[in-house]
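Have a look at the structure below before the remarks.
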């Protein structure tokens, strides 16, 4: 018999998949199963045992048990000590609350943000605190010349929204950030903690923040707070443009318009405007 394999024999006898490909496929399958398990727990009325959830999802009991154990370590599921049954954990509650808050803010704020941007003929943004940064959750450019930057992260110390969000944080947070170090994005960036503390104190007193070429050398911005149900700052509404379009003389008029839009967003989300 000819030992040479023809093309048909090769196609009938494919080489085994590479170990990396198999590992990737197994990882994806595990993630899919874990996601299905979490969704099932979210839909379940009360707690559920391993056998029930495994049967519901068509998994082996040992597989469901391993997944639940891993999710439990991450706080994504909780287990009752007496019954041994499972329910969604506090980590899922926190994640869900954060996602809901962000989605609500974006949906509810966008009409006001769009109207503001069109009225001042500049770019308007909405930012929320995300770790040690500002995350932009809504963006509207009235000039339609710049790209949408929704989802980008910005530094707290060098931006108007960042200063607004810091105004709601205790002094120890600024001290902690200063120990990490403030990046000097431009010659105007505040990098000394004592000066930043003074700046944040002014933001609290005035009820608005400015950033003149502190993050991007050619961009000036003004921002005011959006409040939640407790009167705490939950977001910052900003108008930004090239420096020659927002000189200091324009700040008072812009601030009033941004405040009005921020107050409307605060009302939309059931917030309460805090008194200075």
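The values are calculated or read from the model by the stated rules, or taken from the named source; none is laboratory data. Bear in mind the structure is a predicted one, so any value in this text is a computation, not a measurement. In this analysis, Cβ positions are derived from the backbone assuming ideal geometry, glycine residues included, and neighbour counts consider all displayed protein chains.
Summary table below
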{"item": "Given (1) in contact with a strand residue (DSSP E or B) (Cβ under 7 Å, 6 or more places away or on another chain); (2) under 18 Å from residue 227 (Cβ atoms); (3) assigned to a helix (DSSP H, G or I), index of the condition residue 137 fails", "result": "(3)"}
{"item": "Number of positions in the range 39-48 that are touching a residue at least 24 places away in the same chain (Cβ under 8 Å), part of a helix (DSSP H, G or I) and surrounded by fewer than 17 Cβ atoms within 10 Å (Cβ to Cβ)", "result": "1"}
{"item": "Residues (farther than 20 Å from residue 137 by Cβ and touching a helix residue (DSSP H, G or I) at 6+ places or on another chain (Cβ under 6 Å)) located in the range 216-256", "result": "218, 220"}
{"item": "Qualifying helices (runs of 4 or more DSSP H) (wholly inside the range 143-261; at least 1 residues being at pLDDT below 95, farther than 26 Å from residue 105 by Cα and within 24 Å of the chain's Cα centre (by Cα))", "result": "171-180"}
{"item": "Criterion (more than 17 Å from residue 164 (Cα to Cα), in contact with a strand residue (DSSP E or B) (Cβ under 9 Å, 6 or more places away or on another chain) and assigned by TED's automatic domain parsing to the domain that holds residue 134) met by exactly one of 188, 202", "result": "188"}
{"item": "Residue selected from the range 262-275 under the condition under 24 Å from the mean Cα position of the chain (by Cα) and outside any helix (DSSP H, G or I), by the criterion surrounded by the fewest Cβ atoms within 10 Å (Cβ to Cβ)", "result": "270"}
{"item": "Residue 166 being free of Cβ contacts under 8 Å to residues at least 60 places away in the same chain and either surrounded by 24 or more Cβ atoms within 10 Å (Cβ to Cβ) or over 23 Å from residue 182 (Cβ atoms) (or both)", "result": "yes"}
{"item": "Unique residue being assigned by TED's automatic domain parsing to the domain that holds residue 244 and either within 25 Å of residue 270 (Cβ to Cβ) or surrounded by fewer than 14 Cβ atoms within 10 Å (Cβ to Cβ) (or both) when the list is 210, 136", "result": "136"}
